[in-house]
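*Asks:* Below you will find the structure I want to go over with you.
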Amino acid sequence: MAPASRNVGAVHEAYDLARRGDHRELRSRIVDDATWEPAREGAWNPCRDADQIVRTLVWRASANRMRPGETIDLGDRVLLQLRGRRLDRLGGKGFVPRLFQIVVLRDGKIVSLHDYPRREDALAAAGLGS
């Protein structure tokens, strides 16, 4: 098995820091003007800066036990299927709700996150859809 790319490693590390509640170290891994868009409008408010992202990521990692599952390295982006509880409340779809996310990175730091309710939506946004 090939080693994970630097960006995949950075995303997994960010989720691990969130799970541990390490706000300061997590904040150092996110650019100041980073954004996070929800899977659907009204699911929750979008995050417009790094401090909001840190609070939201820590909350999701603890309250929803959200963590990365399957990952696809796309160079400057990482597409992942999220695992956790109550993903339907966060915009996930399906009988067993699933939530997908594209994380954009620059120089190893998170620039943006965007949630998607379906794999097809995330793949299309990544330019991999049919």
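*Asks:* Averaging sequence separations of C-alpha pairs under 8 Å and six or more residues apart, then dividing by the length of the chain, give the relative contact order as a whole percent. Numbers along the way, then the final one.
*Replies:* Numbers: 243 pairs, mean separation 32.1, N = 130.
So the answer I get is 25 percent.
*Asks:* Tell me, what HN-Hα J-couplings in whole Hz come from the Karplus equation 6.51 cos²θ - 1.76 cosθ + 1.60 at θ = phi - 60° for each residue of the range 48-54, using x for Gly and Pro?
*Replies:* Residue by residue, the range 48-54 yields 10, 7, 4, 5, 5, 5, 4 Hz.
*Asks:* Could you derive backbone 3J(HN,Hα) for the range 82-98 from the dihedral phi with the Karplus parameters 6.51, -1.76 and 1.60 (θ = phi - 60°), listing whole Hz in sequence and x where the residue is Gly or Pro?
*Replies:* For the range 82-98, the Karplus-derived couplings read 8, 10, x, 9, 6, 5, 4, 5, 9, x, x, 10, x, 4, 9, x, 10 Hz, x marking Gly and Pro.
*Asks:* Calculate, for Arg55 and Ala125, the FRET efficiency according to 1/(1 + (r/R0)^6) with r their C-beta to C-beta distance and R0 25 Å; round to the nearest 0.05. Could the numbers behind the result be given before it?
*Replies:* On the way: r = 25 Å, r/R0 = 0.98.
That pair, Arg55 with Ala125, gives E of 0.50.
*Asks:* Loop-only trypsin sites (Lys or Arg not before Pro) in the range 7-43, please: DSSP not H, G, I, E or B, and at most 16 other Cβ atoms within 10 Å.
*Replies:* On the way: sites: Arg19, Arg20, Arg24, Arg27, Arg29, Arg40; in loops: Arg29, Arg40.
Taking the range 7-43 and a limit of 16 other Cβ atoms within 10 Å, the loop trypsin sites (Lys or Arg not before Pro) found are Arg40.
*Asks:* Could you give the spread of the C-alpha atoms of the chain along their three principal axes, from largest to smallest, in whole angstroms?
*Replies:* 36, 32, 27
*Asks:* Using Cα-Cα distances under 8 Å and only pairs 6 or more residues apart, what relative contact order does the range 43-90 have, in percent? Write down the numbers at each step before the final one.
*Replies:* On the way: 39 pairs, mean separation 15.8, N = 48.
Normalised by residue count, the contact order of the range 43-90 is 33 percent.
*Asks:* At 7 Å along the Cα-to-beta-carbon direction for both His12 and Val96, put a label point, then send me their distance in nm to one decimal.
*Replies:* A separation of 2.2 nm, rounded to one decimal place.
*Asks:* Another question, then. Mind putting a number on the dipole of the range 54-130 about its Cα centre? Charges go on the C-beta only, +1 for Lys and Arg and -1 for Asp and Glu, and I need it in Debye to the nearest 20.
*Replies:* Numbers: 15 positive and 8 negative charges, 98 e Å.
So the dipole magnitude of the range 54-130 works out to roughly 480 debye.
*Asks:* Can you list residues whose amide H is under 5 Å from Arg98's amide H, if they're 5+ apart or on another chain and H is modeled 1.01 Å from N?
*Replies:* Lys93
*Asks:* I'd like the carbon and sulfur percentage of the solvent accessible area for the range 58-130, probe radius 1.4 Å, heavy atoms only, ligands and nucleic acids excluded.
*Replies:* On the way: 1820 of 3780 Å².
Reported share for carbon and sulfur atoms: 48 percent.
*Asks:* If the chain between Asp107 and Arg83 were fully stretched, how many nm would it gain, using 0.36 nm times the residue separation less the Cα-Cα distance?
*Replies:* 6.0 nm
*Asks:* Return one whole number: the accessible area per residue of the chain in Å², for a 1.4 Å probe.
*Replies:* Working: 7210 Å² over 130 residues.
Solvent-accessible surface per residue comes out at 55 Å².
*Asks:* Using θ = phi - 60° and the Karplus form 6.51 cos²θ - 1.76 cosθ + 1.60, what ³J(HN,Hα) does each residue of the range 11-27 get, whole Hz, x for Gly and Pro?
*Replies:* 5, 4, 5, 4, 5, 5, 4, 5, 4, 7, x, 8, 4, 4, 5, 4, 4
*Asks:* Place a +1 charge on the Cβ of each Lys and Arg in the chain and a -1 charge on the Cβ of each Asp and Glu, then give the dipole magnitude about the Cα centre in debye, rounded to the nearest 20. Show your work: numbers first, answer last.
*Replies:* On the way: 23 positive and 18 negative charges, 117 e Å.
I would put it at about 560 debye.
*Asks:* Now for a separate question. Can you give the FRET efficiency to the nearest 0.05 for Arg67 and Glu37, using r as the Cβ-Cβ distance and R₀ = 30 Å? Intermediate results must be reported in sequence, preceding the final value.
*Replies:* On the way: r = 20 Å, r/R0 = 0.66.
Step by step, r from the Cβ atoms, then E = 0.95.
The values are calculated or read from the model by the stated rules, or taken from the named source; none is laboratory data. Keep in mind that what you see is a predicted model, and the values were worked out from it rather than measured. As a convention, Cβ positions derive from the backbone with ideal geometry for all residues, glycine included, and neighbour counts pool all protein chains shown. With ligands, DNA and RNA removed, areas are computed over all heavy atoms of the protein, side chains included. Shrake-Rupley method; radii C 1.70, N 1.55, O 1.52, S 1.80 Å.
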